[in-house]
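Accompanying notes for the structure given below.
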């Protein structure tokens, strides 16, 4: 490893602009003549719109336009769609209700957009938005997914009877039932996965600019995947043909899934720019974000895990109800199905699995992928169940897991996935050692003397990331392929631009991607620029989510680098009068192996562009494009151990130690990987201890600001002990797995296992807030 | 935020004149009022800024008497050396309000006038039998805090200072709402020449109150152990997303116990 | 409308603004200083922290006209002509930022925190003092590390200066 190559702990190139206030986010963009938008949103969770009167608003100071869904429809703007078709087990397609970017006759959740107001200033737009008069007929609401399935529940969409979107299954029901029947022991649990709000610190924003002279649109948007946004807005929402729509996602302040989707606001801002003749900017305030960003999780499941007399798992049966909210968001259908149930084998040899998933409409914000997306829900079920089983079977939780680990690879699970590599015992050993698992009893006793309840919990997670082989996801209903693209442009002086379809919103691509180039050609990373986030600059790409930028995005770059390297070697061989096979590129030099003949890298690049002396028939230039479609998912895995101390008088849980031992395959920049793990763990601890979206029965979001939604603060968290023990991924050229989501996937069960251990109970609801823990301790004492 | 007219008052007399215009409100640190205006929950026509009036700033300690100007920031209260000697519990309480940036701006007068049921100062002032001084009169804390966000202040009346006699012993213990970080329960205990008083913020459904149960137990013996087994009634306590009335009742006893231990330390 | 006039990052600036204009909006929209961000509506996230008269305050909870007559330093002016302020450098060195959105506020808060604790900082104090700054990316681990490191560097530098003066 060089000082800037693969494996080096290089400080980030992009940091300079962020630490000096020079980052450029959507809200920082200014276009001449730009005006400001505010949306009129439904205050009701479920209502018919009887009348919209915009007259008063139109007369307010500074108002340029007040536009409704009727006008939007008249202009042919299409409904929002879910891009992944799931069929119910009876073969029928999912029941997708219509989602108009501006509601026309019915609103289905608090925050549903109805009218856009464009005015000179943001303040004036809001003043006028308040003056829009809408007459509603309120309807009965349903916010709980289980209740939504009951006969007679309020009907959210006419298309979905009993609010059931689909009733889907995976695995072998018969074999699993038989395994449960024959089992020596069955652990049964009802497990709730709480609804979360992603809360990227930068609120969503959009700036739409229609250029009348060119008949061309530009959209600056807080997106994790600008090309996908352009594709969907062109192909499905009829905003503009692709060649007339440029989408730019500049610096984006965190995504965590919530900025994958194309929301009503960017569509409406683009359309409104044409209607009003001015560029239109909208920036969400935090409460708007709470109400309208896609939420995450919200599952209720029952599980049965069967064991034989040797404590080997013989079957796993799961029944899940997943709340998808008021509308089907872009990838909402795949999250509780293929990103969830396919992970139910975890790190374990399980001969048979069956999962049934019902997805449901309710009068709540749409639910879609949030960091981990389906995999945290699966891991939570498995790892809570394993912990409970260990306690019931009176064996060490670590040993029960070890007994059931998959140890040979490749391994075909009963739920589609084929694990290619891993060493689960290595992570378990590393984590138990780092946490002094063996010494816990002593620490517990010492805590008891201080009147504290100490508990320890573990979680052995696996996830499938590096989304995803296109043919595989296509066969499962995906509307898009999940390859990635890269273009490597070597300039005439040897500096390099890499155009990538991945998008960085905190992940540090400008550094890690440059390290990859440095490793290959020895060019300093300062001479490598990573270009992303602009559909006019970068070839079609699929963006960043599902921990894919390393495994898929960098593999595409690697493939393009292969092509550049091959051509550069041909040129060098020609110039140095050597055999192409003898050319090596090292430390910025192109050499003939075993001789002192060499050329500096830039001379090869220059030769490619002067084209005075190229091999016969070779085209000038040194620029290559590659599309990489992964051969398989990749499977990061690891073991997390959490130790807590609870103050029984107040119910306060302190995380006294958190250990993460991960297997991420080959690592490009360990510093950045550790940062990803820290952030993921914080979100996982947030889910377990602090965060939860709560609607009241009428559909009002009670946690719509930081006054009520508990964001993890520095004081809520410890420093984390993280380490890796890596088995390279055999399915991609770099041996990379993925590290973006692991922390959020692995940590919630570790925390809850620790808390239930401390209190001596089977289950506790997330978030295990002080009041919840206090009540649980009291209830446990009564029994 | 709705449109508003801003006035910077040069003196209390000036402020008293300015606050008569339209639907004016007094602005001190603005840590509650500005966010409320941003979310359009408050819509004053005019704002009269008190924060630069010198006569309203600063802590004075003379013998056992503490007087704190209404526009003194939480930061200045927390860090005043004289106050930290005279009544460390009061300075400590100020250091627990909001976050460092909020403490630089927020003022004691603003907090007291707002009487948020989860604010910290009301507990201290009530327990200490403090006097709230306005440009018109002096009001005892017991008569000042009249309900949720309600005080005895009349329209246009301006708090100029609070004053109290430093107790022999006192302490404040706060249990925070995990999200807002306001008090779910805050208990201020004080032992002075008039006996023991215990005031609770964050919990009462009518705002700050004195806990008779705790006071009775401590009157006999000002020791944490005196509170063993003391049950606080959940009646008239708030229930919300973050804490039930039962939980608050239990926390009152726990926080009181810890406060007494701290006061005796 | 009021006339607003203050010194921002060492330069005297003035302009007219609606009285309802928040300081953060004046900085961003009138002065083009977009390094100061808005991340919430309830004065809790701290993305908007700037220094007013030497104190770290939330510019989203203050009217521009309230700050008139004051001296304001934003993230753009923190280094005061140097390449990077030691706190900025520490955030980079210790990977104390990811998406960068909360970073300016974090750095302005950290600078103030270090100034208030000349005796030095420990992890628990740093975590408590970060009460008013929310980060969603880093889990705070490396932010805490960066602040502790910057605090040490700055203490050394000021000791060095004291020695020179003596």
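The values are calculated or read from the model by the stated rules, or taken from the named source; none is laboratory data. Note that the coordinates shown come from a computational prediction; the quantities given were computed from them, not determined experimentally. Because the Cβ atoms are built from the backbone with ideal geometry, glycine has one as well, and the counts that use them run over all protein chains shown.
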Exercise. For the stretch B:12-127, which fully contained strands (runs of 3 or more DSSP E) count at least 1 residues that are within 11 Å of chain C (Cβ to nearest Cβ)?
Worked result: B:24-27, B:46-49
Exercise. Is it the case that residue A:56 is in a loop (DSSP other than H, G, I, E, B) and away from every other protein chain (no Cβ under 14 Å)?
Worked result: no
Problem set entry | Number of positions in the stretch A:431-458 that are within 19 Å of residue A:387 (Cα to Cα) and buried (at least 16 other Cβ atoms within 10 Å of the Cβ) | 12
Exercise. Residue A:680: within 30 Å of residue A:326 (Cα to Cα), more than 9 Å from chain C (Cβ to nearest Cβ) and outside any loop (DSSP other than H, G, I, E, B), yes or no?
Worked result: no
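Could you please let me know if residue A:66 is in contact with a strand residue (DSSP E or B) (Cβ under 9 Å, 6 or more places away or on another chain), buried (at least 23 other Cβ atoms within 10 Å of the Cβ) and either more than 8 Å from chain C (Cβ to nearest Cβ) or not in a strand (DSSP E or B) (or both)?
On the way: in contact with a strand residue (DSSP E or B) (Cβ under 9 Å, 6 or more places away or on another chain): yes; buried (at least 23 other Cβ atoms within 10 Å of the Cβ): yes; either more than 8 Å from chain C (Cβ to nearest Cβ) or not in a strand (DSSP E or B) (or both): yes.
Yes.
Of the residues in the stretch C:7-24, how many are under 27 Å from residue C:115 (Cα atoms) and either part of a loop (DSSP other than H, G, I, E, B) or free of Cβ contacts under 8 Å to residues at least 60 places away in the same chain (or both)?
Pass one, the stretch C:7-24, residues under 27 Å from residue C:115 (Cα atoms): C:7-13, C:22-24.
Pick out the ones that are also either part of a loop (DSSP other than H, G, I, E, B) or free of Cβ contacts under 8 Å to residues at least 60 places away in the same chain (or both) and you get C:9-13, C:22-24.
Residues flagged as under 27 Å from residue C:115 (Cα atoms) and either part of a loop (DSSP other than H, G, I, E, B) or free of Cβ contacts under 8 Å to residues at least 60 places away in the same chain (or both) within the stretch C:7-24 amount to 8.
Here is a list: A:393, A:428, A:476, A:417. Which entry is outside the structural domain of residue A:532 (by TED's automatic domain parsing) and surrounded by 21 or more Cβ atoms within 10 Å (Cβ to Cβ)?
Values: A:393 fails: surrounded by 21 or more Cβ atoms within 10 Å (Cβ to Cβ); A:476 fails: surrounded by 21 or more Cβ atoms within 10 Å (Cβ to Cβ); A:417 fails: surrounded by 21 or more Cβ atoms within 10 Å (Cβ to Cβ).
Result: A:428 is the single residue among A:393, A:428, A:476, A:417 that is outside the structural domain of residue A:532 (by TED's automatic domain parsing) and surrounded by 21 or more Cβ atoms within 10 Å (Cβ to Cβ).
Being touching a helix residue (DSSP H, G or I) at 6+ places or on another chain (Cβ under 8 Å) and closer than 15 Å to residue A:754 by Cα: is that true of residue A:457 here? Spell out the reasoning first.
Details: touching a helix residue (DSSP H, G or I) at 6+ places or on another chain (Cβ under 8 Å): yes; closer than 15 Å to residue A:754 by Cα: yes.
Yes.
Identify, please: which residue in the stretch A:353-375 is over 12 Å from residue A:546 (Cα atoms) and under 13 Å from the mean Cα position of the chain (by Cα) and is, among those, surrounded by the most Cβ atoms within 10 Å (Cβ to Cβ)?
Taking the stretch A:353-375 and keeping what is over 12 Å from residue A:546 (Cα atoms), we get A:353-368.
Filter once more, so that each one left must be under 13 Å from the mean Cα position of the chain (by Cα): A:367-368.
Working: A:367: 30, A:368: 26.
So, considering only residues that are over 12 Å from residue A:546 (Cα atoms) and under 13 Å from the mean Cα position of the chain (by Cα), the one surrounded by the most Cβ atoms within 10 Å (Cβ to Cβ) is A:367.
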Exercise. Taking the stretch A:2-29, which residues are within 8 Å of another protein chain (Cβ to nearest Cβ), out of contact with any helix residue (DSSP H, G or I) (no Cβ under 6 Å at 6 or more places or on another chain) and part of a loop (DSSP other than H, G, I, E, B)?
Worked result: A:20, A:22, A:24
Seminar exercise, completed: Among (1) surrounded by fewer than 24 Cβ atoms within 10 Å (Cβ to Cβ); (2) more than 29 Å from residue A:94 (Cα to Cα), residue A:342 falls short only on (2)
For this session: Out of A:247, A:335, report the one residue that is at pLDDT 95 or above, buried (at least 23 other Cβ atoms within 10 Å of the Cβ) and in a loop (DSSP other than H, G, I, E, B).
Result: A:335
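Pick from B:49, B:76: which is crowded, with 18+ Cβ neighbours inside 10 Å and touching a helix residue (DSSP H, G or I) at 6+ places or on another chain (Cβ under 7 Å)?
Criteria check complete, one pass: B:49.
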For this session: Looking only at the stretch B:182-191, decide whether some residue is at pLDDT 95 or above, more than 15 Å from the chain's Cα centre (by Cα) and over 27 Å from residue A:691 (Cα atoms).
Result: yes
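Among the residues that make up the stretch C:63-70, is at least one of them within 14 Å of chain A (Cβ to nearest Cβ), under 27 Å from residue A:201 (Cα atoms) and in contact (Cβ under 8 Å) with a residue 12 or more places away in the chain?
Quick first cut of the stretch C:63-70, residues within 14 Å of chain A (Cβ to nearest Cβ) only: C:63-64.
Those left that are additionally under 27 Å from residue A:201 (Cα atoms): C:63-64.
Still in the running and in contact (Cβ under 8 Å) with a residue 12 or more places away in the chain: C:63-64.
Yes, because at least one residue in the stretch C:63-70 is within 14 Å of chain A (Cβ to nearest Cβ), under 27 Å from residue A:201 (Cα atoms) and in contact (Cβ under 8 Å) with a residue 12 or more places away in the chain.
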Exercise. Which of the following residues is under 20 Å from residue A:523 (Cβ atoms), surrounded by fewer than 18 Cβ atoms within 10 Å (Cβ to Cβ) and touching a helix residue (DSSP H, G or I) at 6+ places or on another chain (Cβ under 7 Å): A:563, A:570?
Worked result: A:570
Problem set entry | Subset tally (residues that are buried (at least 24 other Cβ atoms within 10 Å of the Cβ) and within 14 Å of chain B (Cβ to nearest Cβ)) for the stretch A:621-665 | 3
